[in-house]
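K.L.:
This is the structure, below, for whatever I ask next.
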Amino acid sequence: MSLATRMDTQRETSIVFETFTWKIQNFSKQNTKKLQSKAFRIRGYKWRIRLYPLMRNVDHFSLYLMVADSLPPYGWNRNTYFKLSLINQLDENKSVVKETQQKFNGGYRSWGSFFVNRSVFFDSKQGYLVNDTCIIEAHVCVSDLSTIEVNKLNTISAKLGDEGRRNSESTEQEDDKETETETSDECETLSSSSCGSSQTEGEVKSSDLTLKDLLDLASLGKEEAAFVPLLEEACIWHPSLIRSQRKSSRWFKLWAFTSLGQVLYLLKTSKAKDMNEDACNRLHGLWEELVKHSGFQLSWLEPYVQSALGMKAHLEKTEEVNKLKDSVVALEIKMKKLRGELAAAEAEFEVTRRALLEARKGFIELDFNSELGYAMF
């Protein structure tokens with residue numbers, strides 16, 4: 001990453017941004033279901049840009065700005081004014097810019113927006129994907145937010161919030177089908193610039209509510225508290241988890257999220273070798289109850305659960321294969337040893353045979369059972 005600075009000295013009240021540029025080359029070869037930038041640091045905070053998974057049923061190109069620091073599930077917040085830009089490489093005036101002010105916290109670690117239709121993005125004549133390369137920028141404000149035109153920012157934020165709620169409902173189904181992350185083959189640059197505001201539309205918030213709004217996290221036991229970071233991460237990427245429990249009773253919410261937390265924790269902390277019969281039975285019971293009674297949309301998690309449940313049979317097959325491999329190795333060693341013994345025996349045989357031929361020269365065989373006798377004359 002390189003750092004360059006451009007300052008707007010014409011206005012004392014100008015908003016100064018530091019810009020991170022994510023250049024994704026060989027886009028067609030990237031795994032667009034798990035595409036995200038490397039983490040970058042601006043104003044002491046770590047961020048990451050993530051592409052909304054481009055699957056067959058997704059007809060839009062959307063981007064998210066994510067908090068990339070390792071932070072606790074609650075007890076912190078980060079008030080940030082920023083822009084996300086999809087650069088048009090043929091006409092800069094057609095670049096799509098989404099601008100907002102957001103307050104990130106443990107239950108709200110990302111903000112995303114719709115940028116263009118998928119068909120438009122993949123059409124190279126439109127200028128967003130040229131020579132299999134696209135360019136994305138994140139402009140994060142480094143000015144003191146208290147000195148910025150607060151009313152203007154609040155108006156923008158309120159407008160984006162209303163539009164984001166509408167758009168999040170329309171993209172809920174795709175969000176629930178998303179699968180985890182992988183860094184792309186990209187070039188990235190970091191710069192600082194002064195940018196004005198721009199009109200935006202169609203932004204997507206991860207959720208109107210957070211896990212903290214639904215559950216009394218402070219009352220959770222030590223075991224349940226370990227599930228909270230996993231649940232909050234799941235709720236960020238699958239907001240329907242929270243929306244589905246808005247009208248549920250307090251105890252039902254606690255049961256539903258605790259059960260989901262147990263499944264996530266088991267998948268996160270268990271190794272394949274740990275999936276014995278008891279572990280599989282426990283996971284199967286938890287999963288069956290969740291699917292039947294929780295009301296969660298869990299299609300995004302099901303492949304991982306089924307894979308874990310199939311691990312017992314795979315382990316048994318692996319054990320059988322390993323035993324056979326060990327037997328083959330042992331027999332190969334035995335055969336090698338026997339071949340060595342056979343070669344030595346053959347060599348010894350040849351030496352002995354030759355010695356026998358040499359010894360027989362001039363040798364007359366006698367009948368050792370005959371009497372020695374003697375003559376009288």
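The values are calculated or read from the model by the stated rules, or taken from the named source; none is laboratory data. Model, not experiment: these values are computed from the prediction. Methodologically, a virtual Cβ is constructed for each residue, glycine included, from the backbone with ideal geometry; neighbour enumeration extends over all protein chains shown. In case anyone asks, the SASA skips ligands and DNA or RNA and just uses the protein heavy atoms, side chains included. Shrake-Rupley method; radii C 1.70, N 1.55, O 1.52, S 1.80 Å.
K.L.:
Tyr52's amide H: which non-local residues (gap 5+, or another chain) put their own amide H closer than 5 Å, with H modeled 1.01 Å from N in plane and none for Pro or chain starts?
P.N.:
Ser62, Leu63, Tyr64
K.L.:
If you count only protein heavy atoms with a 1.4 Å probe, what accessible area per residue comes out for segment 18-145, rounded to a whole Å²? List each step's numbers first, then the result.
P.N.:
Working: 5240 Å² over 128 residues.
For segment 18-145, the solvent-accessible area averages 41 Å² per residue.
K.L.:
When ranked by the protection proxy of mean other Cβ atoms within 10 Å per residue, highest first, what sequence do the peptides 256-268, 22-34 form?
P.N.:
The most tightly packed comes first, giving 256-268, 22-34.
K.L.:
Using a Förster distance of 35 angstrom, determine the FRET efficiency expected from the C-beta separation of Val321 and Leu267, and round it to 0.05. Walk me through the numbers before you get to the answer.
P.N.:
On the way: r = 25 Å, r/R0 = 0.71.
Rounded to the nearest 0.05, the efficiency is 0.90.
K.L.:
Convert each backbone phi in segment 128-134 into a coupling constant with the Karplus relation 6.51 cos²θ - 1.76 cosθ + 1.60 (shift: θ = phi - 60°), then list the ³J(HN,Hα) values in order as whole Hz, x for Gly and Pro.
P.N.:
Here the 3J(HN,Hα) series is 8, 10, 10, 6, 6, 10, 10 Hz.
K.L.:
How large a share of the accessible area of segment 18-145, in percent, is made up of carbon and sulfur atoms when the probe is 1.4 Å and the other protein chains stay in place? Numbers along the way, then the final one.
P.N.:
Working: 2180 of 5240 Å².
The nonpolar share, carbon plus sulfur, comes to 42 percent.
K.L.:
Over segment 215-310, with every protein chain in place, what whole percent of the accessible area is carbon and sulfur at 1.4 Å, could you tell me?
P.N.:
Values: 2610 of 5080 Å².
Using a 1.4 Å probe with all protein chains present, segment 215-310 comes out at 51 percent carbon and sulfur.
K.L.:
Less than 20 Å from a label point 7 Å out along the Cα-to-Cβ axis of Leu342: which backbone N atoms in segment 301-332 qualify, by residue?
P.N.:
Residues 328-332 qualify, since their backbone N sits under 20 Å from the label point.
K.L.:
On a full-extension model of 0.36 nm per residue, what is the gain between Ala279 and Asp132, subtracting their alpha-carbon distance, rounded to one decimal in nm?
P.N.:
On the way: separation 147, 0.36 × 147 = 52.92 nm, distance 4.58 nm.
Gain in length upon complete extension: 48.3 nm.
K.L.:
What is the distance, in nm, between label points placed 7 Å from the Cα along the Cα-to-Cβ direction at Lys29 and at Lys334?
P.N.:
5.0
K.L.:
With each pseudo-label sitting 7 Å past Cα toward Cβ, what's the Glu289-Arg118 distance in nm, one decimal?
P.N.:
With each label placed 7 Å out from Cα toward Cβ, I get 3.7 nm.
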